[in-house]
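**Q** One structure is given below, represented as structure tokens, and several questions about it will come after.
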Amino acid sequence: MSNPKIICIDDQRDVLAALQKDLKPFEEYFEILLCESAQEAEELLQELDANGDATALLICDHVMPNKNGIDFLIELKKEQHFSAIPTILLTGLATHKDTIEAINKANIDRYIEKPWTPDELFKNVSELVTRSILRSGFDYKKLTPVLDQEVLLKELRHRAFDL
Amino acid sequence: MNTGNQTTYPIDISTARITWLMDTYFSDPKKRIELKSGDVLLKENECNDRLYAVKEGVLTGYIRTSNGDPCETFKAKKQALIGIPSFFSGRLISLSTVVAETDAVVNFIDRSQPFVPDGDHCSLAEQFMPMIVSELVHRQIRVQMMAIEREKTLKMLGHHEKMAALGKISAGIAHELNNAIAVLMRNSAWLADRFREFIEKEATKGSVFFEKGLKEGRSAASAYVRKQTKTLMDQTGIPKKAAEQVAQMMLDQKVQDSLIQNGEETIAGMFSCWDTGVTIKDMMVASDHAVHVLKSMKELGAPQTDRVPGIDVNATIHEALALLSSPLRKVQVELSLVNVPTITAAKGELVQTWMNLIQNACESMDAGNLDEPRLAVTTTVSGKGILVSVRDNGPGIPKESLKRIFDPNYTTKSGGKTFGLGLGLTIVERLVAQYQWKLSVTSEPGGTEFKVHIPVGGDYE
């Protein structure tokens, strides 16, 4: 099975490139995929789903032409196949109202303001992919260098109780 | 209410009655005054014990506002009565200053005027009652309209103040950031030079890849890279990472084939040089973008430039088109400019207004990927003034967005190729508001039209 995917969505190519650079620590264990629009991301998600590939995380910008990030994430939550994918809203501009919508309707997992710091990005990505990996039953042992220890322990503890 | 040559009253008064009053009380040649245009009949707050009727011409009533400016309160044409409030109230002090707008003739009666019986009424006041009531109604209507106008003006002022405040804050921020941007820009360029020297000395083969990246930037779309990666993997058997790197660089076929032959490690090395070039290019583009944004912000806060009379709107349109000749190269421009009266305005502000509208049109058509982008700029003249229209055949603005396009933060532009944070239309709106002109927009897929209406003549110059 191929590596789980981390999908980045932003209409600006240079931002995607910068994001990819900061996601380098995850490159060994995840496939970083870049999309320049919500539509492109939708098509990609359908493709991955058809191939049986797993998506561990979605990092999405908000202000984009045609469909904006929050609307895209709200729609995603309605689709059974994709609603469980954790999401990070990474944005330079979102009004108070937009943010409330993102939290309430799109159920985003994290909100990061641009410009981001690499440490902040790493921590949030790590926490979310750790949880995502464990919940999808993926073999996590190989990924430990980039997994978040606290989340790992918490998830394993929950697992133990379920048994 | 004044329509045409004759005064019409807001309540119904028979022509017979008016004619009788005119003939009976206002036909004495000894009580006739001839006025030349500009003559003052009555002065505000001065004694007046006469009731005047307009026989010929037009007179205008004014009051002075708190800062001394005259404010027109009424226009009196033929058969209108002037002085009703002061005459019939016994107050005998004129409420307005009355000036002959054209050459005019008025007749008057004074307090010594004897009552002329008509078989119906018992006193002069009774005979004039309908006219008195009509005058009161008239004034009431005027007060209501003034109240509405005041509301509109207050709202507009509030809006103005907000825009002015926004402008001032923006200008301040822009000023602060300019230094930081300058540092970024200069240092990026310096970095490029240092790296160029280094790579020419240490890894000459990488030079050409570095320069390509630095010059062209990231030209490969993410979707293309994904597809091309698969193709390369199938065609050449190189591993995914190497294929992705080659795909991103978008090399000429020969260069690409040669590079692939050299294997994974060389590909990674050359890619690294390319990536460095592209990254520095990204920095320079970003700084450039920031500069343009700051420039727009500064313009938003700029103080009002001097307005002079005799400005030709058509000339300003020509100038705007000339300044945008580069983005307009691919666009078919249809100009239809009629002779327009000159106006009082600041030339630079007009040019900027048209530039922002035209630029907006270009960007919209660009985004729509039109085969035949067309821009139509027309001026027309009507009784009300000059109408300037800027029309494009782009994809249009969706209805929900129409209200927001003038918001300072609203932009649908992407890719860093076009600059500005959506302030273009905001600036247009601000300028139009300052001149008290009217701006309107209609849009549907296939056509968007912005119209600026410039009132000309009478009180507006």
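The values are calculated or read from the model by the stated rules, or taken from the named source; none is laboratory data. No experiment lies behind these values; they were computed from the predicted model shown. When we count neighbours, we look across all protein chains shown, and the Cβ atoms used for this are built from the backbone with ideal geometry, even at glycine. To get the accessible areas, we keep the full protein, side chains included, count just its heavy atoms, and leave off ligands, DNA and RNA. Shrake-Rupley method; radii C 1.70, N 1.55, O 1.52, S 1.80 Å.
**Q** Can you name every one of the strands (runs of 3 or more DSSP E) wholly within region A:1-100 that holds 2 or more residues which are within 13 Å of chain B (Cβ to nearest Cβ) and surrounded by 15 or more Cβ atoms within 10 Å (Cβ to Cβ)?
**A** A:5-9, A:31-35
**Q** What number goes with the only condition from (1) among the aromatic types (Phe, Trp, Tyr); (2) within 28 Å of B:Ala286 (Cα to Cα); (3) without any contact (Cβ under 8 Å) to a residue 40 or more places away in the chain that A:Tyr140 does not pass?
**A** Going through the list (1) among the aromatic types (Phe, Trp, Tyr); (2) within 28 Å of B:Ala286 (Cα to Cα); (3) without any contact (Cβ under 8 Å) to a residue 40 or more places away in the chain, A:Tyr140 breaks only (2).
**Q** Would you check which residues across region A:144-163 are hydrophobic (A, V, I, L, M, F, W, C) and either out of contact with any Pro (no Cβ under 9 Å at 6 or more places or on another chain) or open to solvent by 80 Å² or more (accessible area, probe 1.4 Å) (or both) and list them?
**A** A:Leu147, A:Val151, A:Leu152, A:Leu153, A:Leu156, A:Ala160, A:Phe161, A:Leu163, listed by residue number.
**Q** In region B:260-283, which residue that is open to solvent by less than 60 Å² (accessible area, probe 1.4 Å) and farther than 11 Å from B:Phe209 by Cα is nearest to the other protein chains (Cβ to nearest Cβ)?
**A** That would be B:Asp282.
**Q** Which one is farthest from B:Ser134 (Cα to Cα) among residues in region B:64-87 that are open to solvent by 60 Å² or more (accessible area, probe 1.4 Å) and not hydroxyl-bearing (Ser, Thr, Tyr)?
**A** B:Asn67
**Q** Of (1) within 14 Å of chain A (Cβ to nearest Cβ); (2) within 43 Å of the chain's Cα centre (by Cα); (3) of a type in the set (Asp, Glu), B:Glu176 satisfies all except one. Which?
**A** Of (1) within 14 Å of chain A (Cβ to nearest Cβ); (2) within 43 Å of the chain's Cα centre (by Cα); (3) of a type in the set (Asp, Glu), only one is false for B:Glu176: (1).
**Q** While we're here: Can you name every residue in region B:183-206 that is more than 18 Å from B:Asp282 (Cβ to Cβ) and surrounded by fewer than 19 Cβ atoms within 10 Å (Cβ to Cβ)?
**A** B:Glu197, B:Phe198, B:Glu200, B:Lys201, B:Glu202, B:Ala203, B:Thr204, B:Lys205
**Q** Now, a different point. So which residues in region A:76-88 are within 15 Å of A:Cys35 (Cβ to Cβ) and either in contact (Cβ under 8 Å) with a residue 40 or more places away in the chain or touching a Lys or Arg at 6+ places or on another chain (Cβ under 9 Å) (or both), if there are any at all?
**A** Selection gives A:Ile85, A:Thr87, A:Ile88.
**Q** Among the residues of region B:218-241, write down those that are open to solvent by less than 50 Å² (accessible area, probe 1.4 Å) and either within 8 Å of chain A (Cβ to nearest Cβ) or assigned to a helix (DSSP H, G or I) (or both).
**A** Across region B:218-241, the qualifying residues are B:Arg218, B:Ala221, B:Ser222, B:Ala223, B:Val225, B:Gln228, B:Thr229, B:Leu232.
**Q** Going by what's in this entry, would A:Glu79 be described as at pLDDT below 95 and of a type in the set (D, E, K, R)?
**A** When the stated conditions are applied, A:Glu79 passes them.
**Q** Additional query: Looking only at region B:390-411, decide whether some residue is more than 30 Å from B:Leu294 (Cα to Cα), open to solvent by less than 20 Å² (accessible area, probe 1.4 Å) and in contact (Cβ under 8 Å) with a residue 40 or more places away in the chain.
**A** No, region B:390-411 contains no residue that is more than 30 Å from B:Leu294 (Cα to Cα), open to solvent by less than 20 Å² (accessible area, probe 1.4 Å) and in contact (Cβ under 8 Å) with a residue 40 or more places away in the chain.
**Q** Please tell me if B:Leu421 is modelled with pLDDT under 85 and in a loop (DSSP other than H, G, I, E, B).
**A** yes
**Q** Please enumerate the residues belonging to region B:1-49 that are hydroxyl-bearing (Ser, Thr, Tyr) and at pLDDT 90 or above.
**A** B:Thr24, B:Tyr25, B:Ser27, B:Ser37
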